[in-house]
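Below is one structure, written out as structure tokens, with a few remarks after it.
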Amino acid sequence: MLDPTSDPKDDVEPNDAPLLEQRPANGETRGIALFCHGGAATKAVAPKERALSLVRMRAFEQFVHRATADRGIATALVRYRVAGWNGEAADAYQDVRWAIAELRDQHGSDVPIILVGHSMGGRAVLRAGGERQVTAVCALAPWTPPGEPIMHLRDQTVVILHGRADRWVPARLSQEFAVRARRSGARVARFTIDGGHSMLRRAHRWHTFATDVVLAGAGLEPMRSDVAQALQQPSPEGLAVPL
């Protein structure tokens, strides 16, 4: 359902541990953007190198690094042990928590960490949004089934962008999640955009949106005006803003 590039003949054994692909800031590290790719609902093999979900997150990470490294932003992309969420195991979520801890050990406990995740990775970053040092969550077309936990996001800044024509993860799921999260006390803004799940249509707008959230989450720029306004609007206006 979540990774349309899945092909059993390319399956490989699970990774022994998650992996971090990292790019340093130019100079002092003033914030870290952690990128989390999508996957499948259930899949116990390692993510394959050519998976669209991984390729797209690499494109986001590279764009954000080019735009922000001179401002002090380091970037990292986590590669999960396995390509699936796998029910209560929530493997991607556990791997994102591991990545946050690794970045904390490397950069210290005072550097802001901004989470950016797509699809299953969006679900993982929303689950990890209450972790220490996480200052903002940017969820791109997140897979948020009914009943996802939300109370840990109280007082957190959560920004969601979802394609209106998404056939893999319907936009109504993130709408329902956003409503519940806002009721729990999270600061939530949600936007919709033309296009589907792969984020290829209007790709530059997706990339720029994530970049702006990263800079604001690191405290290097004010939150972009449309997001700031949506955060102040009541439901449902602030949770269904066309981009």
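Please treat every number below as a calculation from the coordinates, not as lab data. None of the values given here were measured: they were computed from a predicted structure. Virtual Cβ from ideal backbone geometry, glycine too; neighbours counted across all protein chains shown.
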Exercise. Mind listing P(r) for segment 136-207? All alpha-carbon pairs, 5 Å bins, whole percents.
Worked result: 4, 18, 29, 23, 14, 9, 2
Exercise. Assuming a viscosity of 1.567 mPa s and a temperature of 4 °C, what translational diffusion coefficient in µm² per second does Stokes-Einstein assign to segment 32-167, Rh being the Kirkwood radius over Cα pairs?
Worked result: 87 µm²/s
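Taking every DSSP beta bridge with both residues inside the chain, roughly what % is antiparallel (nearest 5)?
If I count the DSSP bridges inside the chain, around 15 percent turn out antiparallel.
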Seminar exercise, completed: Taking 155-163, 41-49 and ranking on average Cβ neighbours within 10 Å, highest first, one gets 155-163, 41-49
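Give me the Kirkwood hydrodynamic radius of segment 176-240, using the inverse of the mean 1/r over all pairs of distinct Cα atoms, in Å to one decimal.
Final number for the Kirkwood radius of segment 176-240 is 12.8 Å.
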For this session: Please get the size of the charge dipole for the chain, origin at its Cα centre, with Cβ charges of +1 on Lys and Arg and -1 on Asp and Glu, quoted in debye to the nearest 20.
Result: 600 debye
For this session: Would you work out which of L161, A67, G84 lies farthest towards the positive end of the dipole of the chain, given +1 charges on the beta-carbon of Lys and Arg and -1 on that of Asp and Glu, about the Cα centre?
Result: L161
Problem set entry | Normalised contact order of the chain, rounded percent, pairs of Cα under 8 Å and 6 or more residues apart | 18 percent
Seminar exercise, completed: Taking D16, D212 and counting other beta carbon atoms within 10 angstrom, the fewest-first order is D16, D212
For this session: Indicate the helices, whole DSSP H runs only, in the chain that combine a mean Kyte-Doolittle hydropathy of -0.5 or more with a Cα extent along their long axis of 15 angstrom or more.
Result: 52-68, 203-217
Exercise. How much length, in nm to one decimal, is gained on full extension between L243 and R167, taken as 0.36 nm per residue of separation minus their Cα-Cα distance?
Worked result: 25.5 nm
Exercise. Which order results if H152, H197 are arranged by neighbouring Cβ count within 10 Å, fewest first?
Worked result: H152, H197
